[in-house]
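First the structure, in the form of C-alpha coordinates, and then the observations on it.
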Amino acid sequence: MRMHIFVFFALWFAAGMTLGVLLLLAASHTGMKEGNSVRLFQAEAFFGRKISAKACFSYLLKVRLAPAFAGLLFGLTAIGAYFATAAVWAYGFLCGVFLSAAYLQNGMAGLLFFFLALFPQIFLYLAALFLMAAACSRMAETNHLAGGIQKKEYFCFGVRYFFALILLLWGILLESYVNPWFLAKIL
(Lines give C-alpha, C1' and ligand atoms only; values in the text may rest on other atoms or scores of the structure.)
Protein backbone atom coordinates (compact mmCIF):
# COMPACT_ATOMS: atom_id res chain seq x y z
CA MET A 1 0.00 0.00 0.00
CA ARG A 2 2.76 2.46 0.92
CA MET A 3 4.60 1.97 -2.36
CA HIS A 4 1.38 2.74 -4.23
CA ILE A 5 1.38 6.22 -2.66
CA PHE A 6 4.68 7.02 -4.42
CA VAL A 7 3.45 5.63 -7.75
CA PHE A 8 0.21 7.58 -7.59
CA PHE A 9 2.12 10.69 -6.48
CA ALA A 10 4.13 10.44 -9.70
CA LEU A 11 0.96 9.84 -11.75
CA TRP A 12 -0.82 12.85 -10.23
CA PHE A 13 2.32 14.92 -10.80
CA ALA A 14 2.21 13.96 -14.48
CA ALA A 15 -1.53 14.74 -14.61
CA GLY A 16 -0.85 18.15 -13.06
CA MET A 17 1.83 18.87 -15.65
CA THR A 18 -0.59 17.91 -18.40
CA LEU A 19 -3.28 20.22 -17.00
CA GLY A 20 -0.81 23.10 -16.77
CA VAL A 21 0.10 22.65 -20.43
CA LEU A 22 -3.57 22.42 -21.44
CA LEU A 23 -4.44 25.61 -19.52
CA LEU A 24 -1.75 27.59 -21.28
CA LEU A 25 -2.61 26.13 -24.69
CA ALA A 26 -6.28 26.98 -24.19
CA ALA A 27 -5.36 30.53 -23.17
CA SER A 28 -3.14 31.04 -26.22
CA HIS A 29 -5.74 29.59 -28.61
CA THR A 30 -8.51 31.85 -27.31
CA GLY A 31 -6.53 34.94 -28.32
CA MET A 32 -4.94 35.83 -25.02
CA LYS A 33 -1.42 37.03 -25.67
CA GLU A 34 0.90 34.28 -24.41
CA GLY A 35 -1.60 33.28 -21.76
CA ASN A 36 -1.22 36.52 -19.79
CA SER A 37 -4.48 36.12 -17.92
CA VAL A 38 -3.64 32.65 -16.61
CA ARG A 39 -0.12 33.30 -15.37
CA LEU A 40 0.11 30.85 -12.53
CA PHE A 41 3.80 31.08 -11.86
CA GLN A 42 5.47 34.07 -13.46
CA ALA A 43 9.10 34.35 -12.42
CA GLU A 44 9.45 38.01 -13.40
CA ALA A 45 6.95 38.99 -10.72
CA PHE A 46 9.30 37.72 -8.02
CA PHE A 47 12.65 39.04 -9.27
CA GLY A 48 13.90 41.92 -7.17
CA ARG A 49 10.94 41.82 -4.79
CA LYS A 50 11.72 42.24 -1.08
CA ILE A 51 9.86 39.71 1.08
CA SER A 52 9.17 40.32 4.75
CA ALA A 53 10.26 37.21 6.66
CA LYS A 54 7.89 37.86 9.59
CA ALA A 55 4.85 38.36 7.34
CA CYS A 56 5.81 35.28 5.34
CA PHE A 57 6.23 33.23 8.53
CA SER A 58 2.81 34.20 9.94
CA TYR A 59 1.14 33.52 6.59
CA LEU A 60 2.82 30.14 6.17
CA LEU A 61 2.09 29.16 9.74
CA LYS A 62 -1.65 29.54 9.10
CA VAL A 63 -1.63 28.03 5.62
CA ARG A 64 0.60 25.03 6.29
CA LEU A 65 -0.61 24.09 9.78
CA ALA A 66 -4.36 24.17 9.04
CA PRO A 67 -4.23 21.12 6.72
CA ALA A 68 -1.86 19.38 9.15
CA PHE A 69 -4.36 19.70 12.00
CA ALA A 70 -7.19 18.60 9.71
CA GLY A 71 -5.07 15.55 8.90
CA LEU A 72 -4.60 14.96 12.61
CA LEU A 73 -8.37 14.95 13.17
CA PHE A 74 -9.09 12.75 10.16
CA GLY A 75 -6.16 10.48 11.03
CA LEU A 76 -7.95 9.27 14.13
CA THR A 77 -10.88 8.03 12.07
CA ALA A 78 -11.27 5.18 9.60
CA ILE A 79 -11.07 7.60 6.65
CA GLY A 80 -7.69 8.97 7.76
CA ALA A 81 -5.70 6.90 5.29
CA TYR A 82 -7.86 8.11 2.40
CA PHE A 83 -7.47 11.72 3.51
CA ALA A 84 -3.68 11.36 3.80
CA THR A 85 -3.43 9.67 0.42
CA ALA A 86 -5.56 12.40 -1.19
CA ALA A 87 -3.30 15.05 0.38
CA VAL A 88 -0.18 13.42 -1.10
CA TRP A 89 -1.81 13.16 -4.52
CA ALA A 90 -3.05 16.76 -4.41
CA TYR A 91 0.45 17.94 -3.53
CA GLY A 92 1.88 16.07 -6.51
CA PHE A 93 -0.86 17.39 -8.80
CA LEU A 94 -0.31 21.03 -7.81
CA CYS A 95 3.47 20.71 -8.15
CA GLY A 96 2.95 19.34 -11.66
CA VAL A 97 0.65 22.22 -12.65
CA PHE A 98 3.08 24.85 -11.39
CA LEU A 99 6.12 23.17 -12.92
CA SER A 100 4.61 23.00 -16.40
CA ALA A 101 3.25 26.56 -16.16
CA ALA A 102 6.62 27.89 -14.97
CA TYR A 103 8.44 26.18 -17.83
CA LEU A 104 6.00 27.17 -20.57
CA GLN A 105 5.75 30.78 -19.45
CA ASN A 106 9.39 31.49 -18.64
CA GLY A 107 11.42 28.76 -20.32
CA MET A 108 14.51 27.51 -18.53
CA ALA A 109 14.47 30.54 -16.20
CA GLY A 110 11.01 29.52 -14.98
CA LEU A 111 12.13 25.94 -14.51
CA LEU A 112 15.17 27.03 -12.53
CA PHE A 113 13.12 29.46 -10.46
CA PHE A 114 10.55 26.76 -9.67
CA PHE A 115 13.19 24.43 -8.26
CA LEU A 116 14.96 27.23 -6.39
CA ALA A 117 11.66 28.34 -4.84
CA LEU A 118 11.24 24.85 -3.38
CA PHE A 119 14.75 24.66 -1.94
CA PRO A 120 15.53 23.76 0.87
CA GLN A 121 12.13 23.39 2.57
CA ILE A 122 10.76 20.80 0.12
CA PHE A 123 12.84 18.05 1.72
CA LEU A 124 11.24 18.65 5.11
CA TYR A 125 7.74 19.15 3.68
CA LEU A 126 7.83 15.89 1.75
CA ALA A 127 9.24 13.99 4.73
CA ALA A 128 6.50 15.44 6.97
CA LEU A 129 3.79 14.69 4.41
CA PHE A 130 4.83 11.07 3.98
CA LEU A 131 5.29 10.61 7.74
CA MET A 132 1.75 11.94 8.31
CA ALA A 133 0.42 9.68 5.57
CA ALA A 134 2.15 6.65 7.12
CA ALA A 135 0.78 7.50 10.58
CA CYS A 136 -2.76 7.87 9.24
CA SER A 137 -2.45 4.68 7.20
CA ARG A 138 -1.24 2.72 10.24
CA MET A 139 -4.08 4.11 12.36
CA ALA A 140 -6.65 3.15 9.72
CA GLU A 141 -5.27 -0.41 9.63
CA THR A 142 -5.56 -0.57 13.43
CA ASN A 143 -9.18 0.66 13.22
CA HIS A 144 -10.11 -2.43 11.22
CA LEU A 145 -8.62 -4.93 13.65
CA ALA A 146 -11.00 -6.95 15.79
CA GLY A 147 -9.66 -5.59 19.10
CA GLY A 148 -10.06 -1.97 18.04
CA ILE A 149 -7.75 0.84 18.99
CA GLN A 150 -5.97 0.75 22.31
CA LYS A 151 -4.09 3.45 24.22
CA LYS A 152 -0.76 2.25 22.84
CA GLU A 153 -1.89 2.91 19.25
CA TYR A 154 -3.05 6.42 20.14
CA PHE A 155 0.31 7.10 21.76
CA CYS A 156 2.24 5.80 18.72
CA PHE A 157 0.06 7.83 16.36
CA GLY A 158 0.62 10.93 18.50
CA VAL A 159 4.39 10.47 18.53
CA ARG A 160 4.56 9.99 14.75
CA TYR A 161 2.34 12.96 14.11
CA PHE A 162 4.30 15.10 16.59
CA PHE A 163 7.54 14.41 14.71
CA ALA A 164 5.78 15.20 11.43
CA LEU A 165 4.58 18.53 12.85
CA ILE A 166 8.13 19.33 14.03
CA LEU A 167 9.40 18.66 10.49
CA LEU A 168 6.61 20.83 9.12
CA LEU A 169 7.52 23.67 11.47
CA TRP A 170 11.18 23.48 10.45
CA GLY A 171 10.06 23.58 6.80
CA ILE A 172 7.98 26.70 7.51
CA LEU A 173 10.99 28.35 9.16
CA LEU A 174 13.20 27.48 6.19
CA GLU A 175 10.61 28.70 3.69
CA SER A 176 10.01 32.00 5.41
CA TYR A 177 13.53 32.92 6.53
CA VAL A 178 16.12 30.94 4.55
CA ASN A 179 14.42 30.61 1.16
CA PRO A 180 13.83 34.35 0.44
CA TRP A 181 17.44 35.09 1.41
CA PHE A 182 18.64 32.20 -0.75
CA LEU A 183 16.57 33.35 -3.76
CA ALA A 184 17.79 36.93 -3.39
CA LYS A 185 21.42 35.74 -3.45
CA ILE A 186 20.92 33.43 -6.44
CA LEU A 187 18.61 35.58 -8.56
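Each 10 Å bin from zero up to the one holding the largest Cα-Cα distance in region 76-140 carries the following percent of pairs: 21, 38, 25, 13, 2.
Ligands, DNA and RNA left out, the 1.4 Å accessible surface of region 85-187 is 76% carbon and sulfur atoms.
Extents of region 86-180, largest first, come to 56, 26, 12 Å (Cα atoms, principal axes, whole angstrom). The packing ranking of peptides 58-71, 10-23, highest mean first, is 10-23, 58-71, where packing means the average number of other beta carbon atoms within 10 angstrom of each residue. Multiplying the residue separation of Leu94 and Ile166 by 0.36 nm and removing their Cα-Cα distance gives an extension gain of 23.6 nm. From most to least packed by mean Cβ count within 10 Å, the peptides 79-85, 105-111 give 79-85, 105-111.
The values are calculated or read from the model by the stated rules, or taken from the named source; none is laboratory data. Predicted model only: the values in this text are computed from it and were never measured. Using ideal geometry, Cβ is built from the backbone for each residue, glycine included, and neighbour counts are taken over all protein chains shown. Please note that ligands, DNA and RNA were not included when accessible areas were found on the heavy atoms of the full protein model with its side chains. Shrake-Rupley method; radii C 1.70, N 1.55, O 1.52, S 1.80 Å.
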